[in-house]
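The structure appears right after this line, and notes come after that.
The values are calculated or read from the model by the stated rules, or taken from the named source; none is laboratory data. Every value quoted in this text rests on a predicted model; they were computed, and no experiment measured them. FYI the Cβ positions are ideal-geometry reconstructions off the backbone, even for glycines, and counts take in every protein chain you see. Accessible surface is based on the protein model in full, side chains and every heavy atom, while ligands, DNA and RNA are left aside. Shrake-Rupley method; radii C 1.70, N 1.55, O 1.52, S 1.80 Å.
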Amino acid sequence: MSSQEEKGVSSAAPGKHGLALEGASSTSNSLEGAPINHDTESWATRNGLNLRSFKKREAYEGDVELDRTMKSRHLHMIAIGGSIGAGFFVGSGNALRTGGPASLLIDFFIVGIMIFNTVYALGELAVMFPVSGGFYTYSTRFIDPSWGFAMGWNYVFQWAIVLPLELTVCGLTIKYWDKETSVGVWIAVFLIAIIVVNIFGTLGYAEEEFWSAVIKLGATVVFMVIALVLVVGGGPKDGAYGQYSGAKLWYDPGAFANGFKGFCSCFVTAAFAFSGTELVGLAAAEAKNPVKALPGAIKQIFWRITLFYILGLFFVGLLIPHNDGALLGGAGGSYSDTSPFVLAGKYAGLQGYDHFMNFVILVSVLSIGVSAVYGGSRTLTAISQQGYAPKIFSYVDKSGRPLFSVAALLLFGLIAFVQLNTNGATVFNWLLALSGLAALFTWGSICLAHIRFRKAWAHQGHTLDEIPFKAVGGVYGSYLGLVLIFLVLVAQFYVALCPIEAPEGSVNGFNTVEGFFQAYLAMPVVMLFYVIGYAWKRQGWLSVEKIDVDTGRRELPWEAINAWRAELALMPTWKRIYHNVF
């Protein structure tokens, strides 16, 4: 028996010398038996609506599978609008204030290029290995088990901290309409709403993300149409945009603010705004047909980056001056009305538009809260199944919910009530410091895992023809992503060391120790996790020879894939590019 057959690879899969016309590349699991059919359970059980749904799901091949009810439309909307939230609608105002409209646009464009390559690399891996835990599993498998441990726990804590943040922002957003009721009341209301969504498990998350993404994307399109009219002077005559303004704000008060420091400071906001983009890869493990649905969803990232982030923020820079005191972090701003998207409507004198945008912001923030529970709980379950967390978090109930992992993430939501204490802001700042750069390490690990996978794939005699969905930039795109991530980390280190506004107690413009770690705490925390992981498992960097590229590989419909490739090869060049990118 050949080494490939021993690893469970079907001989019908495309080989070293070309494509097979039939058969599939199969996993070792697929040869040992068929997955358990959970569809025999009642509708109420499958949707988590009765007591039986909380019982443990039967294990298959030693691991308990998560639910697989996510459809193509869910993945597409998660990809194109899932992570649009406070970072885009509100945080962009702070970036505009500190860096100016040109820095805002350039930094989001650079991070957009980084994300484009990262998500395509993730898509290639996820189509081949749509496994529970997603990119955490890839770090463990293709890079270093100890680094995978660090990335898994880094990702869990990132979302565990984002949840109370988003709950607090929900309460503050409501203050736009209701300044009397305590923020704590609204935190409790929105926490209950997130709990209700999670009762329905994967389907609850998928449907909530689908409809909230529809609202967010629709609102962004509406904003861009209105913004175009305002820029050319089509606004109400008694408002701020009653005559043509064009790019005058790029000249006065200027395209850049705070020089090079301002430029560097915008990167963190951009990274925060793009956080969650990688969830589409995590969701692939719970899709009905990831091979069919995921490539199309990954391609939507291009539209989100260009149409919604870049074009939307371009209009923001044309409408709101960077020295506006109402922006987030300004002298006169309070969170509920600091969004440049809201301010544009107010300054234009558009009755009701500010309320509409504030509602959209509320939906967006709540959506990210739901995503936090989803992303954190699925990763925690994967860590547990790999033996890096208590076994209780491996528990998956009959409705496909990782029950104890979801409960653990929801408990972190209670931290939002700390904000009500007089010292709550200090506690919150330190918690935010833990998650500030977390996404960058996740994205870097995805790019590196993709590079390592390709090296091991070639080393073991495989060809690119055997990969059904390939990253547009190949390994060069992943190398570019890694380089950009490194540069962003360097830029943030510079700003953390020499902030734009030096705090009290600083010397010669340098930050205080407390201020530095509040801006750069994620780095030492990740390193600490790595040391703990290595001390626990005593496993380090994997050599190419030790990387397993066969176990867990999905069975693929090669006959259909080859037929599509043949059809694509006959198309004109422009059409091939269109299908590959869009």
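Assorted remarks:
- Estimated vicinal HN-Hα couplings, Hz - the range 100-117 in sequence order (Karplus 6.51, -1.76, 1.60; Gly, Pro = x): x, x, 5, 4, 4, 5, 5, 5, 5, 5, 5, 5, x, 4, 4, 5, 4, 5
- Based on C-alpha pairs under 8 angstrom that are at least 6 apart in sequence, the range 492-543 has a relative contact order of 28 percent.
- Amide H within-cut-off set for D397, under 5 Å, with H built and near neighbours excluded: R57, L403
- The accessible area of R52, taken with all protein chains in place and a 1.4 Å probe, comes to roughly 100 Å².
- V544 exposes around 30 Å² of accessible area when a 1.4 Å probe is run over every protein chain in place.
- Solvent-accessible surface of protein heavy atoms, probed at 1.4 angstrom with all chains present, puts W177, W211, W457 in the order W211, W177, W457, largest first.
- FRET efficiency for V214 and V513, using Cβ-Cβ distance with R0 set to 41 Å, rounded to 0.05: 0.35
- Accessible surface ranking that places the most exposed of L403, L125 first, with a 1.4 angstrom probe: L403, L125
- Over 23 Å (Cα to Cα) - which of K299/K575; K175/K346; K398/K470; K216/K470; K71/K216; K470/K575 fall in this group: K398/K470; K216/K470
- S72-I577 FRET efficiency (beta carbon distance; Förster radius 25 Å; 0.05 resolution): 0.65
- Evaluating 6.51 cos²θ - 1.76 cosθ + 1.60 at θ = phi - 60° for every residue in the range 372-385, the Karplus couplings come out as 4, 5, 5, x, x, 5, 5, 5, 4, 5, 5, 4, 5, 5 Hz, glycine and proline recorded as x.
- Residue-count net charge about H355 - beta-carbon cut-off 14 Å; Lys, Arg +1, Asp, Glu -1: -1
- Cleavage-rule hits (chymotrypsin sites (Phe, Trp or Tyr not before Pro)) in the range 524-577: DSSP loop, at most 16 neighbouring Cβ within 10 angstrom: W541
- Only lysines eight or more places from K546 in sequence, or on another chain, were considered; those with a Cα closer than 19 Å are K7, K455, K537.
- Heavy-atom accessible area with a 1.4 Å probe sorts R576, R378, largest first, into R576, R378.
- For the range 67-188, the relative contact order is 9 percent, taking Cα pairs closer than 8 Å that sit 6 or more residues apart in sequence and dividing their mean separation by the residue count.
- Pair I532, N323: separation of 7 Å Cα→Cβ label points (nm): 4.8 nm
- Derived scalar couplings ³J(HN,Hα) [the range 406-419; Karplus, 6.51 cos²θ - 1.76 cosθ + 1.60; whole Hz; x for Gly, Pro]: 4, 4, 4, 5, 5, 4, 5, x, 5, 4, 4, 6, 4, 4
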